[in-house]
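Heads up: the structure comes next, in structure tokens.
Since every read-out is calculated from the coordinates, none of them should be taken as a lab result. In this text, all values refer to a predicted model and were calculated from it rather than measured experimentally. Here the Cβ positions follow ideal geometry from the backbone for every residue, glycine too, while neighbour counts run over all protein chains shown.
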Amino acid sequence: MKQLFGAFLCLLFLVACSDSNDSNTPEPPPPPPVPPDFAAADAWMQDFVDSEDAFPGGSYIIVDKDLGVVHKKVFGNLTEDSLVLLASTSKVPTVTLLMALNDDDSIDFDIDTPIANYLPWQGVWDENITTKHLVSNRSGIPGLIQVLSNQAAAASHACQFFPIGTLYDCVESLYTNPLPGFVSTPANTAFDYGGSQWQISGGVAESVGGASWNQLWDQYIAQPCDIEITTYGNNLAIAAAWDGNPESLQGNDNPNMEGGMMATLDDYAKLLSLHLSEGVCGDKRVLSAESLIEMRTATTLNEDGSGYYGMGWWFEPANETGTTTVFTDGGAWGSLSWIDAERNYAGVVFFEEYTGTEANKATSGARNQLIPIVAEAFDAVQ
């Protein structure tokens, strides 16, 4: 009996030992990631708004690839729901839609195919111009500064700046009317920023997509990414009268491709999330990861061989390894978006200075001061 009892105790001991060392016992979950501390970035924003009379308000939002929105802050007279005119911070969204069309196998479109294949008119520009040339500012069509510097001589190209007519009619005028006395070059031989070439890209999109630009924006980008209010108009000539009311947006039928977007912080953050998530919104594939990489591939180089501009994105100075990891898209009224491909986050800052006379203070300040402060916040928790 004692022997049986002893054997029973031994069996219990073995079972207990076996259970306590069970290899199937789950590991405890890792601690949640520590979000960056953006106090220094908030302080920079507050100081800028307090010290610059031309900027009564500002706002910014930061999106992490894995964590989503990690910070959002408003200052002065802007609110989280403020609708802001973006000027050239519209360029990355514009290229994003064009790349989504490029990825759609159901339509006949390739950004590397000459646009003469898609437009019904006989153009006056280099027959080899592609959509990629248009949105990398290398089409050879006179750029924005040339046109604005001599508006009387460029009257046939003025439709891009006014909320009248349709985009398609405007593109016909831009594509079929030369600009005598202006400097034009063969396609893909020189960089000339902005202007008619960007508006023409919208006409190409409408031609191949079979719908208006804003309808295509809703179909390919806004709906799958749950972007609620952001859209395109053409308030460039009347920006100083903007009151933040979406009903004040004019020119929906002739939206300006390079500078006509209005957006909220949350909506633009969803667009940035699309870029961080390699072309996916939620469980929906919107465009390919390869297309997003192509947008951040240099089409124009600096003299030292480093990247200068891609498609929609400016290249910031390369890091210590010679690689560009920060890309920006700044606008003439003070907004700036950026993506940091090394730290896997992106952000956008909104300021409103609709005269354009002092807006460069905001975009250069954000580029040279705010972005490094935010990067330091991410580095501190890695």
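Using alpha-carbon positions, what is the distance between the centroids of the range 30-44 and the range 235-256, in Å? Each part's Cα centre sits 36 Å from the other's. Computed about its Cα centre, the charge dipole of the chain is approximately 240 debye, with only Lys, Arg, Asp and Glu carrying charge at their Cβ. Centre-to-centre, using Cα atoms only, the range 169-209 and the range 87-105 are separated by 16 Å.
Think of the chain as having a plus end and a minus end, set by charges on the Cβ of Lys, Arg, Asp and Glu; of P142, S51, N188, N188 sits farthest toward the positive end of this dipole.
For V147, V349, what ranking results if the residue with the fewest other Cβ atoms within 10 Å of its Cβ goes first? Walk me through the numbers on the way to the answer.
Working: V147 22, V349 28.
Starting with the residue having the fewest Cβ neighbours, the order is V147, V349.
Among V69, V95, sorting on how many other beta-carbon atoms sit within 10 Å of each Cβ, with the fewest leading, yields V69, V95.
Tell me whether the range 116-156 comes out rounded, prolate or oblate; compute the Cα gyration tensor, take square roots of the eigenvalues as a ≥ b ≥ c, and use a/c under 1.5 as the rounded threshold. Numbers along the way, then the final one.
Details: a/c = 3.01, a/b = 1.55, b/c = 1.94.
Oblate is the answer for the range 116-156, as a/c is 1.5 or above yet b/c matches or exceeds a/b.
Can you check how the C-alpha radius of gyration of the range 62-202 compares to 2.2 N^0.38 Å, as a plain ratio?
Details: Rg = 17.7 Å, N = 141, 2.2 N^0.38 = 14.4 Å.
Output field value: 1.23.
Note the count of lysine pairs whose C-alpha atoms are less than 26 angstrom apart in the chain, limited to pairs 8 or more residues apart or on different chains. Close lysine pairs under the 26 Å cut-off: 18. Fully extending the segment from I145 to A240, taken as 0.36 nm per residue of separation minus the present Cα-Cα distance, adds 32.2 nm. Note on I229 and S306: their simple-model spin labels are 3.9 nm apart, each label 7 Å out from Cα toward Cβ.
May I ask you to sort K91, K72, K270 by Cβ crowding, counting other Cβ atoms within 10 Å and putting the fewest first? All intermediate terms of the calculation are to be shown ahead of the outcome.
Values: K91 27, K72 15, K270 23.
Going from least to most buried by this count: K72, K270, K91.
Relative to the dominant Cα principal axis of the chain, helix 91-103 is inclined by about 80°.
Shape summary: the chain maps onto an equivalent ellipsoid whose semi-axes, from the alpha-carbon gyration tensor, are 48, 25, 20 Å in decreasing order. The Cα atoms of the range 158-291 give a gyration tensor whose axes a ≥ b ≥ c have a/c of 1.5 or more with a/b no greater than b/c, which makes the shape oblate. Over the chain, Cα pairs under 8 Å with separation of 6+ residues give a relative contact order of 22 percent.
Label-to-label distance, Q122 versus S51, with points set 7 angstrom from Cα along the beta-carbon direction: 6.0 nm. Placing unit charges on each Cβ (+1 for Lys and Arg, -1 for Asp and Glu) gives the range 39-379 a dipole about its Cα centre, and among A318, Y268, Y60 the Cα reaching farthest toward its positive end belongs to A318.
Identify the GluC sites (Glu not before Pro) of the range 268-297 meeting these criteria: DSSP loop state and at most 16 other C-beta atoms within 10 Å of the C-beta. The qualifying sites are E278.
Once fully extended, how much extra length lies between E358 and T189, figured as 0.36 nm per residue of separation less the alpha-carbon to alpha-carbon distance? Present the calculation step by step, with values, prior to reporting the outcome.
Values: separation 169, 0.36 × 169 = 60.84 nm, distance 3.24 nm.
Working it through step by step, the gained length comes to 57.6 nm.
Fully extending the segment from N77 to N368, taken as 0.36 nm per residue of separation minus the present Cα-Cα distance, adds 102.4 nm.
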